[in-house]
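Visitor: Take this structure first; my questions come after.
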Amino acid sequence: MLGAHESEVSSYSYADLAGAIRQYGTQVREDLHELFRRMVFNILVTNDDDHLRNHGFLFDGIGWRLSPLYDVVPKPQVGLERRLVLGVGPEGRNATLENALAGAAVFDLGPDEASAMAEELRKIVAARWQPLFKEAGLSPADQGRFATCFRLAREDG
């Protein structure tokens, strides 16, 4: 959609994907909001494998829609600063909610609506990650190792 080469991926951003949705999409506002949610989700679960090939589009007979979400892999963290592959907001690739919220207008979102979406996702991730990992059979030790993935989802994060 962007005509990008894999070697150039770090020079692209979620705003570029939003531009493709605006240009080629059939459900523009819905997909822009979904793309914003995915960006925030990637931040909340420390998925830094968000390169362009992990954002797909499907032809709906008229134009293009975002494909279902795929290849999201939480990555345990040692340091506190994180970056995504794609640019997030005015602070570039810095994987912070503040950076994502500062760029929310690109996704056709006002500040209050963007904050509400981010807070809703934060609460879901905070409440669900541990029960889902337990249900999947991860040992308590492995759950502890992955806890760093979700520290931004904690209220004190």
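Visitor: Identify all residues within the stretch 57-94 that are over 21 Å from residue 2 (Cβ atoms) and not charged (D, E, K, R); write none if there are none.
Guide: 61, 73, 74, 76, 77, 78, 79, 80, 94
Visitor: Then there is this: Anything in the stretch 51-67 that is in a loop (DSSP other than H, G, I, E, B) and either farther than 23 Å from residue 10 by Cα or modelled with pLDDT of 95 or more (or both)? List them, or say none.
Guide: Passing the criteria: 60, 61, 62, 63, 67.
Visitor: Further, regarding this structure: Could you check how many residues of the stretch 104-129 are under 24 Å from residue 150 (Cα atoms) and surrounded by fewer than 14 Cβ atoms within 10 Å (Cβ to Cβ)?
Guide: So the answer is 9.
Visitor: Within the stretch 55-63, can one find any residue that is touching a residue at least 12 places away in the same chain (Cβ under 8 Å), farther than 20 Å from residue 28 by Cβ and under 13 Å from the mean Cα position of the chain (by Cα)?
Guide: no
Visitor: Is it the case, given these coordinates, that residue 20 is surrounded by 14 or more Cβ atoms within 10 Å (Cβ to Cβ), among the small types (Gly, Ala, Ser) and within 24 Å of residue 133 (Cβ to Cβ)?
Guide: So residue 20 does not fit the description; no.
The values are calculated or read from the model by the stated rules, or taken from the named source; none is laboratory data. Just so we're clear, the structure is a prediction, and the values are computed from it rather than from any experiment. Reconstructed Cβ throughout: ideal geometry from the backbone, glycine too, with neighbour counts over all protein chains shown.
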